[in-house]
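Asker: Below is one structure. I have some questions about it.
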Amino acid sequence: MRPLDNVIILDFTHMLSGPYGTMLLADLGARTIKIEPVKTGEGTRKLLAKDPDHSIEGMGAYFLTLARNKQSVAVDLKTEEGRALVYDLVRKADIVVDNYSRGVTGRLGIDHETLSAINPRIITCSVTGFGETGPNPDRPAFDLVAQGIGGGMSLTGEAGGTPLRAGIPIGDLGGGLFAAIGILAALNQRNLTGQGQHIDISMLDCQLSMLNYMATMQSLSGREPGRSGNGHFVHVPYNTYRTRTRHVILAVITDQFWQRLVDILDAPDLRRDAYLTQPGRWADREVINARLQEILETESCEHWLARFGNQIPCAPVNDIAHAMADEQIRGRGMVVEVAHPSGRRVEMPGNPVKMSGMTDEVYTPPPLLGTHTDEVLEELLGLGAEARGALRARGIIG
């Protein structure tokens, strides 16, 4: 049994933010039913679909990953009969998730007001760029827009350099993460009240939340923290350094770690009394970083990691291949194989939520369009083969 085995989600999401949130819940056991247009499917199916290096039989890496553990029901929502089928599914469902632009759910007839009249226990969640309120809710937004307005890009990059977005699309992924958190909170509140509710997730709100103490620092001082590359505004040394192979990370945040580092490196010029405490190291940070760079580039990353062991917070700067091969990551079951419907298997990141009550993780293939239409309509709505055939003949289902 998995934690959300008793939960049914109707998934109207597309692209990244919404599908990532519902993927997290599907990995935890929620029966997640994608409601897709009959002929085209949802937009994520097209991403990288024609890229021979990043797809399997016309299914790109986005959909391969984000649609695992989900089912696909193809319904023409723009027809009265199609909407009626969806409304019948809403009566059986717990959650409806979308990441359309503001107002689209109303036009499609799947907004919270409409659905809660059908099922008062339904929980709806919409992920949008700017939320559903405020002076500018209708502005279009993608990951880069959210990262830029949210302030995080002002902190990312080298001092004096160009602001940079995070390499991981945290604007999109943050929206999905907070959507999953909000949905789980709403499920618990429904257990207390018996009533569903609507969850309004703004990608911009999520970015601002993740500024966390950095925003408080600016509020207190009136000064912008600014960009400091891979360095830190308090700790020294806290940076990345070139070696003969990969870059290595040192994260010395206590005086004790500093003394251990100096002992391992056996560098007499770093044994200054002034460097024994953080203020002295911070005052001479450029000299310390330059000297460490001179020492560390004489050997390989692997050499230094072996020397440092567990005595100092350190790490390699892994590329994706090295990260996926890391023994700790593998040992945690964070690299999983998911099958394409053809049977070909592909490795991807697993579920990071490890629970003692969920001992067996399951990863079913991302569905072809409409794979589960018959199964879901028969099991949940009791529609027999004849009724389904009549609907399919008129293009209502696929």
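The values are calculated or read from the model by the stated rules, or taken from the named source; none is laboratory data. What you see is a predicted model; the values in this text were computed from it and never measured. No Cβ is skipped: glycine too gets one built from the backbone with ideal geometry, and neighbour counts run over all protein chains shown. Side chains are part of the model used for accessible areas, which takes the heavy atoms of the whole protein and leaves out ligands, DNA and RNA. Shrake-Rupley method; radii C 1.70, N 1.55, O 1.52, S 1.80 Å.
Asker: Does Ala290 satisfy the criteria of being touching a residue at least 40 places away in the same chain (Cβ under 8 Å) and of a type outside the set (Ser, Thr, Tyr)?
Answerer: no
Asker: May I ask you to list pairs of residues, at least six apart or on different chains, whose Cβ atoms are under 7 Å apart, with the first in region 328-356 being in a strand (DSSP E or B) and the second being among the small types (Gly, Ala, Ser) and open to solvent by less than 80 Å² (accessible area, probe 1.4 Å)?
Answerer: Val335/Gly350; Val336/Gly350; Arg345/Ala339
Asker: When region 290-321 is examined, which residues are found to be touching a strand residue (DSSP E or B) at 6+ places or on another chain (Cβ under 7 Å), open to solvent by 40 Å² or more (accessible area, probe 1.4 Å) and assigned to a helix (DSSP H, G or I)?
Answerer: Leu305 - this is the single residue of region 290-321 that is touching a strand residue (DSSP E or B) at 6+ places or on another chain (Cβ under 7 Å), open to solvent by 40 Å² or more (accessible area, probe 1.4 Å) and assigned to a helix (DSSP H, G or I).
Asker: Scan region 327-348 and give yes if some residue there is of a type outside the set (Val, Ile, Thr), modelled with pLDDT of 95 or more, within 21 Å of the chain's Cα centre (by Cα) and under 30 Å from Leu265 (Cα atoms), otherwise no.
Answerer: Yes, that holds for at least one residue.
Asker: Say we look at region 84-101 and pick out the residues that are over 15 Å from Leu187 (Cα atoms), part of a loop (DSSP other than H, G, I, E, B) and in contact (Cβ under 8 Å) with a residue 40 or more places away in the chain; which of these is most open to solvent (accessible area, probe 1.4 Å)?
Answerer: Tyr100
Asker: Hey, could you check region 115-156 for residues that are closer than 28 Å to Asp94 by Cα and of a type in the set (Asp, Glu) and say which is most open to solvent (accessible area, probe 1.4 Å)?
Answerer: Asp138
Asker: So, one more: Which of the residues spanning region 213-237 are part of a helix (DSSP H, G or I), open to solvent by less than 80 Å² (accessible area, probe 1.4 Å) and among the small types (Gly, Ala, Ser)? If you could, list the steps in order and put the result at the bottom.
Answerer: We begin by selecting, within region 213-237, every residue part of a helix (DSSP H, G or I); these are 213-221.
Next, from what is left, pick out any that are open to solvent by less than 80 Å² (accessible area, probe 1.4 Å): 214-218, 221.
Residues satisfying the conditions are Ala215, Ser221.
Asker: Moving on to the next point. Restricting attention to region 262-281, report how many residues are open to solvent by 80 Å² or more (accessible area, probe 1.4 Å) and either among the acidic types (Asp, Glu) or assigned to a helix (DSSP H, G or I) (or both).
Answerer: Number of matching residues: 5.
Asker: Among the residues of region 39-65, write down those that are of a type in the set (Asp, Glu) and either under 17 Å from Tyr363 (Cα atoms) or buried (at least 21 other Cβ atoms within 10 Å of the Cβ) (or both).
Answerer: Scanning region 39-65 gives a single hit, Glu42.
Asker: Look through Val145, Val127 and report the one residue that is aliphatic (A, V, I, L, M), modelled with pLDDT of 95 or more and assigned to a strand (DSSP E or B).
Answerer: None of the other options fit; the residue is Val127.
Asker: What do you reckon, is Phe257 hydrophobic (A, V, I, L, M, F, W, C), open to solvent by less than 80 Å² (accessible area, probe 1.4 Å) and assigned to a helix (DSSP H, G or I)?
Answerer: Yes.
Asker: Output the residues belonging to region 21-34 that are open to solvent by 10 Å² or more (accessible area, probe 1.4 Å) and more than 17 Å from the chain's Cα centre (by Cα).
Answerer: Hit for region 21-34 is Arg31, nothing else.
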